[in-house]
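Trainee: Take a look at this one; I'll ask things after.
The values are calculated or read from the model by the stated rules, or taken from the named source; none is laboratory data. Quick caveat: nothing in here was measured; it's all calculated off a predicted structure. We place every Cβ from the backbone using ideal geometry, glycine too, and count neighbours over all the protein chains shown.
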Amino acid sequence: METAQMLLCMRKAALEWLAKGMAKFNQMHQVELYALRTNVAAKRAELDAMKVRMAEMEASKAKVSEVQALKLKMVGLEHQKDALAGRVATLKETLKQKANEMRELKVKVTERDALRESLARKATERKSIVTE
């Protein structure tokens, strides 16, 4: 009976030792699990921050593309402005030429009117000479 008690006592001690070891093992794994969960949460936060940064970079990239498009549009408008300035200069020159032509025509019209008056006077003088 003493060996049975001794075996029971040893079994009890072994079970207690095993329970303590398991508790320590469980506690270690709980700490490790907590550390892993904390690490996962930190990595998720880091990933979210990276996603925000990527979105900001994409927005910035879109703004850069928009600025480049506006620059190209500005260059096109500059070319249009230059072309229009050339057209305006041409039209001004044409307008000056037409104004000169109009002046010449007015002089010719004035000369024609003067000739008509002169002819009308001469005709009147002839009539008066003929009637006398």
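Trainee: Could you grab me the full set of residues in the range 1-33 that are of a type in the set (Val, Ile, Thr) and surrounded by 10 or more Cβ atoms within 10 Å (Cβ to Cβ)?
Mentor: VAL31
Trainee: Is it fair to say LEU36 is at pLDDT 90 or above and surrounded by 10 or more Cβ atoms within 10 Å (Cβ to Cβ)?
Mentor: Spelling it out, LEU36 is indeed at pLDDT 90 or above and surrounded by 10 or more Cβ atoms within 10 Å (Cβ to Cβ).
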